[in-house]
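Single-structure report; data block below.
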Amino acid sequence: MKILFVSPDPRPERWIQLLESALPDADWVVWHPELPHQDADYALVWQPPEILFKKEPQLKAIFNLGAGVDALLKLSKLPKTLPIYRLEDAGMSAQMAEYLVHQVAEITRVMTIYRQQQQQKVWRMQAPCRRHEWPIGFLGMGQIAQKSAQALALLEYPVASWSRSKKALTGIESYAGEDQLTAFVQRSRILINTLPLTSETHSFLNQRLFDQMPEKSVLINVGRGQHLNEMDLLNALEYGKLSHAVLDVFSEEPLPSSHPFWSHAKITLTPHISAPTLREETVRQITDKLQRIAKREEVSGRVDRERGY
Ligand code: OXD
């Protein structure tokens with residue numbers, strides 16, 4: 001069995017070492033566009049170039065080295081029936097929960113004020129956080145978002161989610177479908193975007209949505225940069241409903257140094273690190289899926305091409 005490793009990771013040998021020890025019988029190849037035809041069976045991919053599918057049309061399945069498959073599904077040469085498996089959790093949900101609890105606490109516990117006070121050697125207690133004043137809403141409630149929602153609910157924030165269909169998760173109020181979007185947005189003072197990027201969710205975070213949010217709301221985007229209309233965000237921070245935004249993803253990554261988000265006083269920005277792919281967990285999960293495929297067993301995490309995730 002020949003398997004290609006296709007990733008912009010500058011040190012692919014760190015992956016290959018783990019992959020070879022997990023599945024020593026396979027022939028692992030670090031692929032690059034100059035390689036001749038490999039006649040490989042499978043490929044592990046992260047943001048692969050279009051030419052991969054032109055050169056290796058015989059692939060039986062591909063494994064995405066992340067949860068979001070938007071970069072893959074927009075490739076026109078991607079064969080229509082090629083099975084795609086995405087990462088399911090693989091250590092991402094705990095990291096995401098930690099990131100979101102941290103960002104929410106930064107805001108609701110006014111940590112920037114305490115940092116300023118430290119610089120000025122000021123010993124002063126600010127008003128304690130009243131959790132009922134900070135209802136949190138998750139746009140999207142996939143596998144990775146669930147742990148975050150539950151962690152914040154455990155900390156006694158009022159937490160709700162909005163998704164295609166209703167979700168039955170203890171302590172989390174579920175809103176679903178177009179009809180319930182306005183009610184959901186109107187109640188959510190902290191809006192956390194975890195939607196998959198599809199043609200339906202492109203520019204979902206826009207002026208119309210921000211206008212419906214409560215006064216002095218906060219937007220946290222850990223989905224994709226293309227979910228956000230950047231001009232609308234800047235306007236909403238300047239004149240509108242939003243008091244702050246936390247952004248981990250951007251339509252152009254790395255974010256160009258001239259971008260106004262870098263120095264905006266009301267924006268906290270991180271370089272797409274809310275839930276990075278962890279090598280050990282990922283290798284364990286993908287090699288397990290490969291072994292299941294070999295035994296013709298059921299394999300979870302297959303992307304629904306119609307739905308787009
Ligand atoms: C992912 C990501 O999709 O890291 O996994 O953004």
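The values are calculated or read from the model by the stated rules, or taken from the named source; none is laboratory data. Computed from a predicted model, the values in this text were never measured in an experiment. Heads up, the Cβs are rebuilt from the backbone with ideal geometry, glycines too, and the neighbour counts pull from every protein chain shown.
It is to be established whether one or more residues within segment 221-232 are within 24 Å of Glu133 (Cβ to Cβ) and either outside any helix (DSSP H, G or I) or not hydroxyl-bearing (Ser, Thr, Tyr) (or both).
There is at least one residue in segment 221-232 that is within 24 Å of Glu133 (Cβ to Cβ) and either outside any helix (DSSP H, G or I) or not hydroxyl-bearing (Ser, Thr, Tyr) (or both).
Can you say whether Glu253 is within 16 Å of the ligand (Cβ to nearest atom) and part of a helix (DSSP H, G or I), as far as the supplied structure shows?
no
With the condition being β-branched (Val, Ile, Thr), I'd like the strands (runs of 3 or more DSSP E) fully within segment 21-72 carrying at least 3 qualifying residues.
In segment 21-72, there are no strands (runs of 3 or more DSSP E) which contain 3 or more residues that are β-branched (Val, Ile, Thr).
Given the options Leu87, Leu78, Leu82, Leu100, name the one that is touching a residue at least 60 places away in the same chain (Cβ under 8 Å) and either over 26 Å from Val299 (Cα atoms) or more than 15 Å from the chain's Cα centre (by Cα) (or both).
Leu100
Within segment 21-35, how many residues turn out to be surrounded by 14 or more Cβ atoms within 10 Å (Cβ to Cβ) and not aliphatic (A, V, I, L, M)?
Going through segment 21-35 one residue at a time, the tally reaches 2.
For segment 8-20, what are the residues that are assigned to a loop (DSSP other than H, G, I, E, B) and crowded, with 17+ Cβ neighbours inside 10 Å?
Result: Pro12, single match.
Among (1) surrounded by 17 or more Cβ atoms within 10 Å (Cβ to Cβ); (2) closer than 17 Å to Arg305 by Cα, there is one condition Pro79 misses while meeting the rest; what is its number?
With (1) surrounded by 17 or more Cβ atoms within 10 Å (Cβ to Cβ); (2) closer than 17 Å to Arg305 by Cα applied to Pro79, the lone miss is (1).
For residues that are in a loop (DSSP other than H, G, I, E, B), touching a helix residue (DSSP H, G or I) at 6+ places or on another chain (Cβ under 9 Å) and either crowded, with 19+ Cβ neighbours inside 10 Å or not assigned by TED's automatic domain parsing to the domain that holds Val185 (or both), tally how many sit in segment 136-164.
Of the residues in segment 136-164, 3 are in a loop (DSSP other than H, G, I, E, B), touching a helix residue (DSSP H, G or I) at 6+ places or on another chain (Cβ under 9 Å) and either crowded, with 19+ Cβ neighbours inside 10 Å or not assigned by TED's automatic domain parsing to the domain that holds Val185 (or both).
Leu237 versus (1) within 16 Å of the chain's Cα centre (by Cα); (2) part of a helix (DSSP H, G or I): which is the lone unmet condition?
Leu237 satisfies every listed condition except (1).
Only one of these conditions is not met by Lys167: (1) crowded, with 21+ Cβ neighbours inside 10 Å; (2) in contact (Cβ under 8 Å) with a residue 24 or more places away in the chain. Which number is it?
(1)
Test of understanding: among Gly223, Gly240, which residue is buried (at least 17 other Cβ atoms within 10 Å of the Cβ) and either outside the structural domain of His102 (by TED's automatic domain parsing) or at pLDDT below 95 (or both)?
Going through Gly223, Gly240 in turn, the sole match is Gly240.
Take Gln291 and decide whether it is within 16 Å of the ligand (Cβ to nearest atom) and either surrounded by 13 or more Cβ atoms within 10 Å (Cβ to Cβ) or at pLDDT 95 or above (or both).
No.
Take segment 107-132 and flag every residue that is in contact with a Phe, Trp or Tyr (Cβ under 9 Å, 6 or more places away or on another chain) and either among the small types (Gly, Ala, Ser) or in a helix (DSSP H, G or I) (or both).
Across segment 107-132, the qualifying residues are Ile107, Thr108, Gln117, Arg131, His132.
Which number in (1) surrounded by 14 or more Cβ atoms within 10 Å (Cβ to Cβ); (2) part of a loop (DSSP other than H, G, I, E, B); (3) in contact with a helix residue (DSSP H, G or I) (Cβ under 8 Å, 6 or more places away or on another chain); (4) not aromatic (Phe, Trp, Tyr) marks the one condition that Pro276 misses?
In the conditions (1) surrounded by 14 or more Cβ atoms within 10 Å (Cβ to Cβ); (2) part of a loop (DSSP other than H, G, I, E, B); (3) in contact with a helix residue (DSSP H, G or I) (Cβ under 8 Å, 6 or more places away or on another chain); (4) not aromatic (Phe, Trp, Tyr), Pro276 misses (1) alone.
Tell me which residues, restricted to segment 183-203, are crowded, with 22+ Cβ neighbours inside 10 Å and either under 15 Å from the mean Cα position of the chain (by Cα) or assigned to a strand (DSSP E or B) (or both).
Ile190, Leu191, Ile192, Asn193, Thr194, Leu195, Leu197
In the set Leu72, Leu44, which member is within 16 Å of the chain's Cα centre (by Cα) and either surrounded by 13 or more Cβ atoms within 10 Å (Cβ to Cβ) or not hydroxyl-bearing (Ser, Thr, Tyr) (or both)?
One residue alone meets the criteria, Leu72.
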